Amino acid sequence: MRRLLLSAAAATAAALTLAACGTTEPAATDSGKGSDRITLTDASGTEVRLDAPATKVVATEWNVVESLLTLGVDPTGVADVKGYKTWNTAVPLENAPRDIGTRGEPSMDTIASLAPDLIVATTDLPASAVKQLRKVAPVLEVRSADAADPVGQMLENLDLIAEATGTRQQAQKARQQFEDKVAEGRKALADAGLAGTEIAFADGYVTSNQVSVRPYTSGSLIGAVNEKIGLENAWTLKGDKSYGLAATDVEGLTALGDDVRFAYIGSDGDKSSTPFDGALADNAVWTSLPFVKAGEVHRLDDGIWMFGGPRSMEAYVDSVVEALTK
């Protein structure tokens, strides 16, 4: 877990993005399948060729699993199925995919036995593993995250996967639903007088009785969505260049201001992920923090994957708006 998450003009932008990601080739063979051929350039710069839109797809990371489900494609193989079911109940698996191993080390033999049309991976997967996977089936790599434009990267990934699976219309619909939800959340907060409210979103973990806190800066997907709905990010720490995540401890929380709301997502399926309502209950530093004293610590709904796609972020908007306005 430490690794490691538009109107008419928007529809046009989506179409342009898809066009930039790849092309569908005209008929060029006697097989009758030429008109369905797809050529894409993925995030690694590799040209990916498919005889037809992929339907039998294996996914090595949870965010691409969610993208497939959002597009109406049930993945044949998924890395760490149990973990996905624990951390992403907002976009549940509809079928019973084969578990292909861990996200960092998928089983090549298991994937090969599934004979997929396509393997969707992220740039977090080691290059050596991707090289092996390309011997099994075409591999489409998407960039795992980009702190310079986290929402844009999320949507770009969705579009690229849509191009590979022949689901452009579903991608455009998902984009519009996401933008509608953002607008709805922004209005709800403004109507409640909460526009510009400072929020510090973080997750935390307990290891060897020590609590580590991971702030989600403006470069994180959650941080970017918070700003889109009119909230201000209270963190001043610098996040990493991909996920926009920083690192601190309980003492580091004292740097947050007096009017900050604190929010987090944990999981009852992973008790080490909920120190804010567990291990820190009797911690003198934690209990002295202004937002703790004011009752402004908000545990949001479980099962919202913080590094997911548009549907996870829609669930996040609903959850954080409800928490702040109740």
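Taking the condition assigned to a loop (DSSP other than H, G, I, E, B) and assigned by TED's automatic domain parsing to the domain that holds GLN169, does VAL48 pass?
On the way: assigned to a loop (DSSP other than H, G, I, E, B): no; assigned by TED's automatic domain parsing to the domain that holds GLN169: yes.
Here the answer is no, as VAL48 does not meet what is asked.
Cβ contacts < 6 Å: first residue within 16 Å of ARG261 (Cβ to Cβ), restricted to region 211-227; second residue in a helix (DSSP H, G or I) and β-branched (Val, Ile, Thr), any location; separation 6+ or different chain. Result?
Sorted first by the residue in region 211-227, then by its partner, the pairs are TYR216/ILE222.
Determine which member of the set ALA188, ALA200, ALA164, ALA147 is modelled with pLDDT of 95 or more, assigned by TED's automatic domain parsing to the domain that holds ASP36 and under 21 Å from GLU227 (Cβ atoms).
Numbers: ALA188 fails: assigned by TED's automatic domain parsing to the domain that holds ASP36; ALA200 fails: assigned by TED's automatic domain parsing to the domain that holds ASP36; ALA164 fails: under 21 Å from GLU227 (Cβ atoms).
Every option except ALA147 fails the conditions.
Return the residues of region 51-74 that are under 17 Å from GLN170 (Cβ atoms) and part of a helix (DSSP H, G or I); say none if nothing qualifies.
Passing the criteria: ASN63, VAL64, VAL65, GLU66, SER67, LEU68, LEU69, THR70.
For GLY193, are the conditions met, namely being outside any strand (DSSP E or B), under 16 Å from the mean Cα position of the chain (by Cα) and of a type outside the set (Phe, Trp, Tyr)?
Working: outside any strand (DSSP E or B): yes; under 16 Å from the mean Cα position of the chain (by Cα): no; of a type outside the set (Phe, Trp, Tyr): yes.
Judged against the criteria, GLY193 is not a match.
What are the residues in region 243-265 that are under 20 Å from the mean Cα position of the chain (by Cα) and crowded, with 21+ Cβ neighbours inside 10 Å, if any?
Step one: of region 243-265, the residues under 20 Å from the mean Cα position of the chain (by Cα) are 243-247, 263-265.
TYR243, GLY244, LEU245, ALA263, TYR264, ILE265, listed by residue number.
When residues of region 290-320 are filtered for being under 21 Å from GLU66 (Cβ atoms) and either at pLDDT 95 or above or in contact with a helix residue (DSSP H, G or I) (Cβ under 8 Å, 6 or more places away or on another chain) (or both), how many remain? Full working, then the answer.
Step one: filter region 290-320 for residues under 21 Å from GLU66 (Cβ atoms), giving 300-320.
From what's left, either at pLDDT 95 or above or in contact with a helix residue (DSSP H, G or I) (Cβ under 8 Å, 6 or more places away or on another chain) (or both): 300-301, 303-320.
Qualifying residue count, region 290-320: 20.
For region 275-298, does any single residue satisfy the condition of being surrounded by 21 or more Cβ atoms within 10 Å (Cβ to Cβ), part of a loop (DSSP other than H, G, I, E, B), of a type in the set (A, V, I, L, M, F, W, C) and under 26 Å from the mean Cα position of the chain (by Cα)?
No, region 275-298 contains no residue that is surrounded by 21 or more Cβ atoms within 10 Å (Cβ to Cβ), part of a loop (DSSP other than H, G, I, E, B), of a type in the set (A, V, I, L, M, F, W, C) and under 26 Å from the mean Cα position of the chain (by Cα).
Would you confirm whether or not region 145-164 contains a residue that is surrounded by 21 or more Cβ atoms within 10 Å (Cβ to Cβ) and part of a strand (DSSP E or B)?
No, region 145-164 has no match at all.
Within the set of pairs 6+ apart or on separate chains, which have a first residue in region 264-279 that is within 19 Å of LEU253 (Cα to Cα) and not assigned by TED's automatic domain parsing to the domain that holds VAL250, a second that is modelled with pLDDT under 85 and crowded, with 21+ Cβ neighbours inside 10 Å, and C-beta atoms under 9 Å apart?
Pairs found: none.
The values are calculated or read from the model by the stated rules, or taken from the named source; none is laboratory data. Note that the structure is a prediction, hence the values are computed from the model and not measured. So basically every Cβ, Gly included, is an ideal-geometry build from the backbone, and we count neighbours across all protein chains shown.
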